[in-house]
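Visitor: Have a look at the structure that comes next, please.
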Amino acid sequence: MTLQYSSGVHKIASWSHITNAHPLPGPGIISGLASVGKPLGRGLLLLAEMSSAGNLATGQYTETAVEMARKDRDFVIGFISMRRLGNDDEDFLVLTPGVGLESKGDAMGQQYRTPSEVIKDSECDVIIVGRGIYKVKGEENIRNEAEKYRQQGWQAYKERLA
């Protein structure tokens, strides 16, 4: 993993300022990536929770991800998760997948929540939108759809702060 991150075909650390990783392999995933990323000023997000029904990233797995992040705060900057993790005084970033405006789910178990549910109710910082944007066809339509998400996300953030 360290070689993939530092060299290999893509040389990820040379261009990606933030990378994500599953903590499943244990703390070695963090120390390995940090050995390359820290000197370059990079950061890591741990995948602590997922938006699909029946996923295994719950309970003790999630708690362990938070503990691992706390031990390497100068490299782990946050989580991919469904809600704010950690204590109120911790400033981990929270990026949340499974954001959609029209659908609540699909036949494959993906579950969607609105930008308001994610930002206001779950106190997340960044929404991750996939199908909600790429399902539309045409460059202008994609731009318009992305703008809808941006506007609703920003509105939810302002309401959360109020």
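The values are calculated or read from the model by the stated rules, or taken from the named source; none is laboratory data. As the structure is a computational prediction, the values presented were derived from the model and not from experiment. Reconstructed Cβ throughout: ideal geometry from the backbone, glycine too, with neighbour counts over all protein chains shown. Areas reflect the complete protein model, heavy atoms only, side chains present, ligands, DNA and RNA absent. Shrake-Rupley method; radii C 1.70, N 1.55, O 1.52, S 1.80 Å.
Visitor: Below 8 Å between Cα atoms, with a sequence gap of 6+, how large is the relative contact order for the stretch 96-162 in percent?
Guide: Working: 76 pairs, mean separation 23.2, N = 67.
Reported relative contact order: 35 percent.
Visitor: Related question: To the nearest µm²/s, what D does Stokes-Einstein give for the chain at 10 °C and 1.306 mPa s, using the Kirkwood radius over alpha carbon pairs as Rh? Walk me through the numbers before you get to the answer.
Guide: Numbers: Rh = 16.9 Å.
The diffusion coefficient I find is 94 µm²/s.
Visitor: Please report, to two decimal places, log10 I(q)/I(0) for the stretch 87-162 at q = 0.18, 0.19, 0.25, 0.28 Å⁻¹ as given by the Debye formula with identical point scatterers on the Cα atoms and no solvent.
Guide: With no solvent term, the Cα-only Debye profile gives -0.73, -0.80, -1.17, -1.31.
Visitor: Further question on the same structure: Counting alpha carbon pairs within less than 8 Å and at least 6 residues apart, what relative contact order, in whole percent, applies to the chain?
Guide: Value for the chain: 16 percent.
Visitor: Now for a different question. Mind checking the full-extension length gain between His17 and Ile77? Use 0.36 nm per residue of separation minus the Cα-Cα distance, one decimal, nm. Numbers along the way, then the final one.
Guide: Details: separation 60, 0.36 × 60 = 21.60 nm, distance 1.12 nm.
Taking 0.36 nm per residue and subtracting the Cα distance, the gain is 20.5 nm.
Visitor: How do 91-98, 131-138 rank on mean C-beta neighbours within 10 Å, highest first?
Guide: Values: 91-98: 20.1, 131-138: 13.9.
The peptides rank, most packed first, as 91-98, 131-138.
Visitor: Say the dipole of the chain comes from +1 at the beta carbon of Lys and Arg and -1 at that of Asp and Glu; which of Leu95, Ile80, Val36 then lies farthest toward its positive end?
Guide: Of Leu95, Ile80, Val36, it is Val36.
Visitor: For the chain, compute the number of Lys pairs whose alpha carbons are separated by less than 29 Å, excluding pairs fewer than 8 positions apart on the same chain.
Guide: Total qualifying Lys-Lys pairs in the chain comes to 16.
Visitor: Rounded to the nearest 20 debye, what is the charge dipole size of the stretch 120-162 about its Cα centre when +1 sits on each Lys and Arg Cβ and -1 on each Asp and Glu Cβ? Walk me through the numbers on the way to the answer.
Guide: On the way: 9 positive and 8 negative charges, 24 e Å.
It works out to roughly 120 debye.
Visitor: Moving on. Which value, in debye to the nearest 20, gives the size of the charge dipole of the stretch 80-162 about its Cα centre, when Lys and Arg are +1 and Asp and Glu are -1 at the Cβ? Don't jump to the answer; show the numbers that get you there.
Guide: Numbers: 13 positive and 15 negative charges, 77 e Å.
In total the dipole reaches around 360 debye.
Visitor: While we're here: Any idea which of Thr58, Gly153, Ile18 is furthest toward the positive side of the dipole for the chain, if Lys and Arg beta-carbons carry +1 and Asp and Glu beta-carbons -1?
Guide: It is Ile18, whose Cα lies furthest towards the positive end.
Visitor: Treating only the Cβ of Lys, Arg, Asp and Glu as charged (+1, +1, -1, -1), what charge dipole size does the chain show about its Cα centre? Round to the nearest 20 debye. Could you put the intermediate results ahead of the total?
Guide: Numbers: 19 positive and 20 negative charges, 83 e Å.
Computed charge dipole of the chain: roughly 400 debye.
Visitor: May I ask you to give the percent of accessible area on the chain that is carbon plus sulfur, with a probe radius of 1.4 Å? Walk me through the numbers before you get to the answer.
Guide: Numbers: 5230 of 9350 Å².
For the chain, the apolar C and S fraction of the accessible surface comes to 56 percent.
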